């Protein structure tokens, strides 16, 4: 299933310009790091003047936060919103398995540097402030979404009752990180195979299935 | 078991100075990122002149590579070398479980920003060059060490014969990343509990044990 990020038809010209800037900013930040984004560099990339950009963002911090919000909207529209429309939690997890590893390719054009959230959280983990707070808020929201889906699977008897939501979310989050690292850093062509295998084991375990032996 | 990184008694004064610089460089890079290290900034931190530092490192790239080698020596001395002295592979994995999550605290003084390798690999994954090559070489060396220990466990009948070395290494690498992220970024006090639980499940699975249900 392919998803195309579409701008709200009702948006003003100012919002259109802002979305254009944010999309360019997300592209840059996904490759060079959110921490290294600059209003000057982004102005060049977006074919605007520095002062034109400053009319939309009062500070680098505000720009970084709005880029994160822009990116999280894409994650929500590609993963969380369609998942919530699926009735069976097991089928929801199947959708997540298929779509989550490359959610950032599900918009046109693709986000060139991939997942911005992992890198940004490593950049900002030693830097308390509003950007770090935003990253924490977003990723906790995603983890809560995973835990709620897990609990829903229990309440609908699709997962066994003693499956642990926290261990589950930790494992899913970990193999998502591991997948991104194997894919992008190691360039391992089996990255998705590993992710799918461990993900399927995890879900099977929560269903009380005998664990796969291969 | 605590490990203190000790300088070779035979080293020259020049090597002592270089090790002092590299240790300061590792501290800085672990917090601010390897990509953001500068010869000027490090000279200030190490109480040296820029030209004094340039006498040891011809370029920023060489400095970055030597900081990585310095860090990897610590990882080897805290994890790989002592592990290889343990006969039973299961006991080796138990040593790894206990020591790997916080290997960077096993030297005096601790490395303030924690594991440099994950962040550096995310910084350099879009930047082909000698630093990226060094990171790949080191992390592939670590992954090979895990796979060899896995295979040794099979050959000594401690793991079941059809346990998959690649899935195993992927999972261990992933939960190591997940642990670092939960601990440092989320500040989750249960990070180590999650890591230990999934790690123990993984080992138990490779032993052919019925999977833990909690």
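Read the figures in this text as sums done on the coordinates, not as results from a lab. Computed from a predicted model, the values in this text were never measured in an experiment. When we count neighbours, we look across all protein chains shown, and the Cβ atoms used for this are built from the backbone with ideal geometry, even at glycine.
Residues being in contact with a helix residue (DSSP H, G or I) (Cβ under 6 Å, 6 or more places away or on another chain) and not in a helix (DSSP H, G or I): count how many of those fall in the stretch B:71-115.
Residues in the stretch B:71-115 being in contact with a helix residue (DSSP H, G or I) (Cβ under 6 Å, 6 or more places away or on another chain) and not in a helix (DSSP H, G or I): 8 in total.
With respect to residue B:144, determine if the residue is free of Cβ contacts under 8 Å to residues at least 12 places away in the same chain and buried (at least 22 other Cβ atoms within 10 Å of the Cβ).
In short, no.
When you look at residue A:125, is it surrounded by fewer than 21 Cβ atoms within 10 Å (Cβ to Cβ) and within 8 Å of chain B (Cβ to nearest Cβ), yes or no?
In short, no.
Residue under question is residue B:145, and the condition is that it be within 10 Å of chain A (Cβ to nearest Cβ) and under 18 Å from the mean Cα position of the chain (by Cα); does it hold?
Working: within 10 Å of chain A (Cβ to nearest Cβ): no; under 18 Å from the mean Cα position of the chain (by Cα): yes.
Spelling it out, it is not the case that residue B:145 is within 10 Å of chain A (Cβ to nearest Cβ) and under 18 Å from the mean Cα position of the chain (by Cα).
Examine the stretch B:201-214 for a residue that is within 19 Å of the chain's Cα centre (by Cα), in a helix (DSSP H, G or I) and either at the interface with chain A (Cβ under 8 Å from one of its Cβ atoms) or at negative phi (or both), and state whether such a residue exists.
No, the stretch B:201-214 has no match at all.
For residue B:135, only one of the following conditions fails: (1) over 25 Å from residue B:36 (Cβ atoms); (2) within 14 Å of another protein chain (Cβ to nearest Cβ). What is its number?
Here residue B:135 meets the rest and fails (1).
Could you look through the stretch B:185-200, keep only residues that are assigned to a loop (DSSP other than H, G, I, E, B) and facing chain A (nearest Cβ under 10 Å), and pick out the one that is surrounded by the fewest Cβ atoms within 10 Å (Cβ to Cβ)?
B:187
Can you tell which of B:130, B:156 is surrounded by fewer than 17 Cβ atoms within 10 Å (Cβ to Cβ), touching a residue at least 24 places away in the same chain (Cβ under 8 Å), more than 7 Å from chain A (Cβ to nearest Cβ) and over 20 Å from residue A:185 (Cβ atoms)?
So the residue among B:130, B:156 that is surrounded by fewer than 17 Cβ atoms within 10 Å (Cβ to Cβ), touching a residue at least 24 places away in the same chain (Cβ under 8 Å), more than 7 Å from chain A (Cβ to nearest Cβ) and over 20 Å from residue A:185 (Cβ atoms) is B:156.
So for the stretch A:164-184 (the condition being over 17 Å from the mean Cα position of the chain (by Cα), more than 7 Å from chain B (Cβ to nearest Cβ) and surrounded by 21 or more Cβ atoms within 10 Å (Cβ to Cβ)), does at least one residue qualify?
Scanning the stretch A:164-184, I find at least one residue that is over 17 Å from the mean Cα position of the chain (by Cα), more than 7 Å from chain B (Cβ to nearest Cβ) and surrounded by 21 or more Cβ atoms within 10 Å (Cβ to Cβ), so the answer is yes.
With respect to residue B:78, is the statement that it is over 30 Å from residue A:36 (Cβ atoms), surrounded by 21 or more Cβ atoms within 10 Å (Cβ to Cβ) and more than 8 Å from chain A (Cβ to nearest Cβ) true?
Criteria met by residue B:78.
Tell me which of these residue B:51 doesn't satisfy, since it passes every other one: (1) under 24 Å from residue B:124 (Cβ atoms); (2) surrounded by fewer than 21 Cβ atoms within 10 Å (Cβ to Cβ).
Checking residue B:51 against (1) under 24 Å from residue B:124 (Cβ atoms); (2) surrounded by fewer than 21 Cβ atoms within 10 Å (Cβ to Cβ), the one that fails is (1).
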